[in-house]
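The values are calculated or read from the model by the stated rules, or taken from the named source; none is laboratory data. Predicted model, so just to flag it, every value in this text is computed and none were measured. So basically every Cβ, Gly included, is an ideal-geometry build from the backbone, and we count neighbours across all protein chains shown. The area values use the complete protein model at the heavy-atom level, side chains included, leaving out ligands, DNA and RNA. Shrake-Rupley method; radii C 1.70, N 1.55, O 1.52, S 1.80 Å.
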Amino acid sequence: MNKNSSNIMALAPNTPNKRETVCIFGTGDFGRALGHQMIQSGYPVVYGSRSTQISNLIPKDAEVLSHAEAAQKAAIIIIAIQRQHYNFLTPLAEILRGKVLVDISNNLKLNQYPESNAEYLAQLLPGSKVVKAFNTVSAWALQSGTLDASRQVFVCGDDVEAKQMVMNIVRALGLTPLDKGSLLAAQEIENFPLQLFPMWKFPIFLSLGLTTFFFLYCLALDVIYTYIYEKNNFSFFIAITIPNRVCPVMALILLALVYLPGIFAAIIQLYRGTKYRRFPDWLDKWMLCRKQLGLIALAFASLHVVFTLVAPLRAFVRWRIGKGIVSQALNNKTEPLDSTTAWISDSYLALGILGFFLFVLLGITSLPSVSNNVNWREFRFVQSKLGYLSLILCTAHTLVYGGKWFLSPSAYRWYLPNIYMLSLVVPCAVLVVKFVLIFPCVDKPLTQIRQGWERNPKYSE
Amino acid sequence: MNKNSSNIMALAPNTPNKRETVCIFGTGDFGRALGHQMIQSGYPVVYGSRSTQISNLIPKDAEVLSHAEAAQKAAIIIIAIQRQHYNFLTPLAEILRGKVLVDISNNLKLNQYPESNAEYLAQLLPGSKVVKAFNTVSAWALQSGTLDASRQVFVCGDDVEAKQMVMNIVRALGLTPLDKGSLLAAQEIENFPLQLFPMWKFPIFLSLGLTTFFFLYCLALDVIYTYIYEKNNFSFFIAITIPNRVCPVMALILLALVYLPGIFAAIIQLYRGTKYRRFPDWLDKWMLCRKQLGLIALAFASLHVVFTLVAPLRAFVRWRIGKGIVSQALNNKTEPLDSTTAWISDSYLALGILGFFLFVLLGITSLPSVSNNVNWREFRFVQSKLGYLSLILCTAHTLVYGGKWFLSPSAYRWYLPNIYMLSLVVPCAVLVVKFVLIFPCVDKPLTQIRQGWERNPKYSE
Amino acid sequence: MNKNSSNIMALAPNTPNKRETVCIFGTGDFGRALGHQMIQSGYPVVYGSRSTQISNLIPKDAEVLSHAEAAQKAAIIIIAIQRQHYNFLTPLAEILRGKVLVDISNNLKLNQYPESNAEYLAQLLPGSKVVKAFNTVSAWALQSGTLDASRQVFVCGDDVEAKQMVMNIVRALGLTPLDKGSLLAAQEIENFPLQLFPMWKFPIFLSLGLTTFFFLYCLALDVIYTYIYEKNNFSFFIAITIPNRVCPVMALILLALVYLPGIFAAIIQLYRGTKYRRFPDWLDKWMLCRKQLGLIALAFASLHVVFTLVAPLRAFVRWRIGKGIVSQALNNKTEPLDSTTAWISDSYLALGILGFFLFVLLGITSLPSVSNNVNWREFRFVQSKLGYLSLILCTAHTLVYGGKWFLSPSAYRWYLPNIYMLSLVVPCAVLVVKFVLIFPCVDKPLTQIRQGWERNPKYSE
């Protein structure tokens, strides 16, 4: 009962325990962990098992009976056995009629079976009320009490009362039930613990693809070109110099891609004159993964910051600076400070720092616990206003830094533009279109459309 | 019902659905989104609408009836129409008598009307039980299921049972109800989604004001003075050098301002000899925005760190270092290492790093999800003990760094003290008074007062 | 009632208030704060007090009666008095028979009394149903409404119905009840608010011990040895150079210690051929504090990063670099760039940056609000796969950086190995054994054992 279970007073007979008895079929890891936890929360627990010999792994306040006997003692039966053994339940159909069966099973692969385990159970035993629950919680998390991974238990089922009974048990165990609707949702719930960052897949593959492309592009222009035409072996650029060119480019492009779908949506709504038609599928999907795109952009930006700050520690940079100073000393003169160079150097650094600062702020507000504490208007203010400000600052940072190369022919090695120019295409396009969209003559109809106004209304009320 | 709504088995008639019918007046965005979500959670939904022609935007399992017919079918009626149309409900007063009306409306401006929408509704229909709820949730959040912004639903109302019914629906939708008391709280609840960081207003304006002052102060002393008397054009200091003087000053002052109200409170309690009298209003407000002040101070400190680390990349710094080395080379000698200079340089850097490290730790523990996981004693230990340690380290960092200027006359340009000296006034004052307060002869009576002891008790028991 | 309590309409008599009356014994800070909050949530509150004279600190909608009278009016009595006064309740035993007594008391020290206050209360009044609750919430948090510290209320008690009644009140106050089982758990609950980071104790002491050892080790080799044999006064190394040697060593060792217990567990399970026997106690404890070890390692790694980035600002580093350049200039030659040096320098920096990046990612996912939003598989993927990748990168970073010293005799001052070599022992051992464990011939039986297979099964089913 208690953590030091030496004391057995807790559930002594004189305790007027009013909680309904719960039956658990199966004495595997999860069945035992769940039973243990339920006894702690005051539920009498009965195990249904093939062998009624009591193992010392089973919580000692629990009874162990045959399946049929155990089922008769309780209104709720937790099916802690694997799907392939479900058919042995069919002979018990009569006993299980009207009872609440809780399917807690998980599969090994996404969509392993045509129908979900819970629906399969409901088909086998049409007289019982099947509820899907507990599959997102692991036996280990239940036992250790450290529910770091998740306290959420998704519940679904066709019978509302049965679902309510199960949700009460979930709450009593200190977990948070989340009603996902009818048993149709079981497939989704069973797939949930098998998913590996489904929302991140597209953003990550996109980033990997773009990163590879830009890396090879830089490799060609900075290492191979230099080696062929200038006979310099700059192969060590692979470690820091090239990553520090690819990272800011990726950060800027991905940040612009966060705001691009919003621009598309506005144009589509303006064109259609209504908000009541669905966006094309690709746009919907894109809008749903904006947060992930933004966070990956932030990761690239952070890497860029560290790669940049590390520069003075690099042997190459130290050698280059030393060379410059030595040549000044050998020529017996000190170069005067060029005020324009100082201005450019300081202002692109300052723009980058402020842009990154706002970007980190965006990242912090997208932490679930922070975003749960702000209201809708505040969330939009941070994510939209501050986000655009960050995009403007980061674009300006790149423009000031790389500006001098635009008109220099030496920047066009093999007639290819420098990577900086490539990185500026998307962000500049986004900023220009956004600038047009905030003109009153465009913004006013858009706001009306978003408040429900339709140019050609087709539906009554 | 389910996400792929092609399958219609979920709420088939044989499902013994026991949830009470809910009626929704109004078929706008929010009414539809809410109805859709309720059907998913097993509630039969009836729409009351002016036109009963079924639009294909309305969830297809919902009935659409006239207002009067729909209202008769349910005990709970959700009023998803705008306040200016509330008066059309008066003819229905008889039908709505005794029913629970849920006001979900929001205004466009803070305190737009003299009384809250919910109170206005209650006045129009005195026979109904009005409950305010759902106004903090957006239609978009309900539809998309990604409740990033907030899962909290504030509920208030004069009838406890009605409130309970509404809170059960809120829970069934997977949201978290928060009881805010009687209908008087409706005004506050309606203002909530319109607020834009109300707790941050004062700290942000204070920071902006101080930042502007210190920026102009630095501009005068570092750029204008140098230009007039030394004919040097250091205008590019505006980009990094001056921000990097203002940021640490702001961080230090704001951090001290976090601990100053606690000092005032202790002095007031000691003077009054009781804790049972309210603090002056300004002190109460100040104490409530300490967290915000601290986070802004952390932002300034972070900017200071990045601005400082970026120094070796600046053209100006590289030029200055190069000039020094070239002049050494031209004079044909190497300056020996001065151990004192090395000590001062290393120790102020180390003090700053440790102070900033503790400061970041404070920031992390003030994240809602972290602070929810520590107990009261742990929270106070971190925020008070570690906070003061951070303040001591940061003050020492500034003292060691700027110490040499205190006695140098060249630091007093235009007879004005250096910005470092200004920044040290508040933190040093806080630390000195705090040091006095922890003396046993002062600490003991203060602890007694805080445990409820009174020097001149006036109240019985 | 409401925040602006000038208006008294909220709980006017015509409001059909159905919530049960709650009685509070004691009018101290917590009793008053709790009463105030309950009235706001619609509970009629009666105070039981020695003196029935109404103080203006008591919420004005509450009645104040004698203890006996007040107790008769309610089914739930909150005992807001200190344990040493509990015995005055014994004369009221008859009146309190069958009633729910809520013990909210806290002690001043861990395990101050042999039995918990709640159990003591239950012994004094065996006819009443004692429930422990509310002790983790402070009066200040209740009053101010800013429940930053914690919204969780641990509840325990032997009577399930009584516990349910108390948990309903907890929920109505906007707090989250957590059922901790029978009254035996009261001791643990009462100790909870007195704990100061219990899970952190061992990791922090371990870190302090190791840090001291490595600091003295470095002090001896870098400062004292240099002073004795090379007559150089490098005492200022204490501020930055030595901390920046100790921090990475600590970070690497602690990170390896996070993964070492998992290795031990795998070996023990392989050896025993079953997972159904408990690990030795030290291993269990070690496994439970892995998160804390990892976070301390992250703190050391972050300090290492900042200490390293700050290097170019140090007077010592500037002097050393300047000396090198001046000597080049005086010798009238520029050293050519050594490509190998550039490769080593860049690659250990890049490895360190990537390792640190993954490490920070691990830290972010261990934030409660983030880890609550990922499923079990995702959590394990990040913590295990990314964690090992981070360990590999950090170990490689150290190997590339310190590699050149392994074979250099000058690195063995006083015949002692350099600190880098010491730091590599544990991580290399972990990585080698882990590499063996992922071989299919070892991994397959291990996976089977972890799925419940036993080499010598002893228990039925």
**OP:** Out of the residues in region C:368-386 that are in a loop (DSSP other than H, G, I, E, B) and touching a helix residue (DSSP H, G or I) at 6+ places or on another chain (Cβ under 6 Å), state the one that is least open to solvent (accessible area, probe 1.4 Å).
**Re:** C:Asn375
Subject >> Per-region count, region B:394-420, residues of a type outside the set (Val, Ile, Thr) and under 25 Å from B:Val360 (Cα atoms) >> reply: 7
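One line per residue, one yes/no per condition, for (1) open to solvent by 10 Å² or more (accessible area, probe 1.4 Å); (2) touching a helix residue (DSSP H, G or I) at 6+ places or on another chain (Cβ under 6 Å):
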| residue | (1), (2) |
| --- | --- |
| A:Met165 | yes, no |
| A:Ala172 | no, no |
| A:Asp179 | yes, yes |
| A:Trp200 | yes, yes |
| A:Thr212 | yes, no |
| A:Cys218 | no, yes |
| A:Asp222 | yes, yes |
| A:Ile240 | no, yes |
| A:Val246 | no, yes |
Original post:
Hey, any hits in region B:262-282 for a residue that's under 18 Å from B:Phe205 (Cα atoms), open to solvent by 20 Å² or more (accessible area, probe 1.4 Å) and within 23 Å of the chain's Cα centre (by Cα)?
Top reply: yes
**OP:** Name the single residue, out of those in region B:1-35 being surrounded by fewer than 22 Cβ atoms within 10 Å (Cβ to Cβ) and under 28 Å from B:Leu121 (Cα atoms), that is modelled with the highest pLDDT.
**Re:** B:Thr21
Subject >> Number of the condition not met by B:Leu358 [criteria: (1) open to solvent by 70 Å² or more (accessible area, probe 1.4 Å); (2) in contact (Cβ under 8 Å) with a residue 24 or more places away in the chain; (3) under 32 Å from the mean Cα position of the chain (by Cα); (4) within 12 Å of chain C (Cβ to nearest Cβ)] >> reply: (1)
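Residue-by-condition table, conditions (1) open to solvent by 30 Å² or more (accessible area, probe 1.4 Å); (2) closer than 29 Å to A:Ala350 by Cα; (3) hydroxyl-bearing (Ser, Thr, Tyr):
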position	(1), (2), (3)
B:Arg290	yes, yes, no
B:Ile296	no, yes, no
B:Leu303	no, yes, no
B:Arg320	yes, yes, no
B:Leu330	yes, no, no
B:Thr334	yes, no, yes
Original post:
What is the number of the single condition among (1) buried (at least 17 other Cβ atoms within 10 Å of the Cβ); (2) at pLDDT below 80 that A:Phe134 does not meet?
Top reply: (2)
Original post:
How many residues does region C:278-309 contain that are more than 14 Å from chain B (Cβ to nearest Cβ) and among the polar types (S, T, N, Q)?
Top reply: 0
Original post:
Do any helices (runs of 4 or more DSSP H) lying entirely in region A:23-109 carry at least 2 residues that are free of Cβ contacts under 8 Å to residues at least 24 places away in the same chain, and which ones are they?
Top reply: A:67-72
Original post:
Right, B:Leu349: among the aliphatic types (A, V, I, L, M), closer than 28 Å to B:Glu230 by Cα and either assigned to a helix (DSSP H, G or I) or touching a Leu at 6+ places or on another chain (Cβ under 7 Å) (or both) or not?
Top reply: no
Original post:
What about C:Ala122, is it open to solvent by less than 20 Å² (accessible area, probe 1.4 Å) and within 14 Å of chain A (Cβ to nearest Cβ)?
Top reply: no
Subject >> Positions within region B:333-344 being over 52 Å from the mean Cα position of the chain (by Cα) and either assigned to a helix (DSSP H, G or I) or more than 7 Å from chain C (Cβ to nearest Cβ) (or both), in sequence order >> reply: B:Lys333, B:Glu335, B:Pro336
Original post:
Looking at (1) over 26 Å from C:Ala299 (Cβ atoms); (2) touching a Leu at 6+ places or on another chain (Cβ under 7 Å), which is the only condition C:Gly355 fails?
Top reply: (1)
Original post:
In region A:181-195, what residues are open to solvent by 20 Å² or more (accessible area, probe 1.4 Å), within 8 Å of chain B (Cβ to nearest Cβ) and farther than 16 Å from A:Ser105 by Cβ?
Top reply: A:Leu184
Original post:
Which numbered condition trips up C:Ser41, out of (1) under 37 Å from the mean Cα position of the chain (by Cα); (2) at pLDDT 85 or above?
Top reply: (2)
**OP:** Return the only residue of B:Ser371, B:Ser347 being in contact (Cβ under 8 Å) with a residue 12 or more places away in the chain, at the interface with chain C (Cβ under 8 Å from one of its Cβ atoms) and of a type in the set (Gly, Ala, Ser).
**Re:** B:Ser347
Original post:
When the residues of region B:405-420 are filtered to those that are in contact with a helix residue (DSSP H, G or I) (Cβ under 8 Å, 6 or more places away or on another chain) and either at pLDDT below 75 or outside the structural domain of B:Thr341 (by the TED database) (or both), which remaining residue is least open to solvent (accessible area, probe 1.4 Å)?
Top reply: B:Ala411
Original post:
Got at least one residue in region C:432-440 being of a type in the set (A, V, I, L, M, F, W, C), touching a Ser or Thr at 6+ places or on another chain (Cβ under 7 Å) and either open to solvent by less than 40 Å² (accessible area, probe 1.4 Å) or modelled with pLDDT under 90 (or both)?
Top reply: no
Original post:
C:Thr398: out of contact with any Cys (no Cβ under 8 Å at 6 or more places or on another chain) and under 30 Å from A:Leu142 (Cα atoms), yes or no?
Top reply: no
**OP:** Inspect all residues belonging to region C:147-156 and state whether any of them is out of contact with any Asp or Glu (no Cβ under 9 Å at 6 or more places or on another chain), aliphatic (A, V, I, L, M) and in contact (Cβ under 8 Å) with a residue 24 or more places away in the chain.
**Re:** yes
Original post:
Taking the stated definitions as given, is B:Phe279 modelled with pLDDT under 90 and of a type in the set (Phe, Trp, Tyr)?
Top reply: yes
**OP:** Sort out which residues of region C:224-238 are touching a Phe, Trp or Tyr at 6+ places or on another chain (Cβ under 8 Å) and open to solvent by less than 50 Å² (accessible area, probe 1.4 Å), and write them in order of number.
**Re:** C:Tyr225, C:Thr226, C:Phe234, C:Ser235, C:Phe236
Subject >> Residues that are open to solvent by 10 Å² or more (accessible area, probe 1.4 Å) and at pLDDT below 70, drawn from region B:142-163 >> reply: B:Gln143, B:Ser144, B:Gly145, B:Thr146, B:Leu147, B:Asp148, B:Ser150, B:Arg151
Subject >> Looking only at region C:82-99, and only at residues there that are of a type in the set (A, V, I, L, M, F, W, C) and open to solvent by less than 30 Å² (accessible area, probe 1.4 Å), the one that is nearest to C:Tyr113 (Cα to Cα) >> reply: C:Leu89
Original post:
So A:Asn233 fits all but one of (1) under 27 Å from A:Asn107 (Cβ atoms); (2) part of a loop (DSSP other than H, G, I, E, B); what number is the exception?
Top reply: (1)
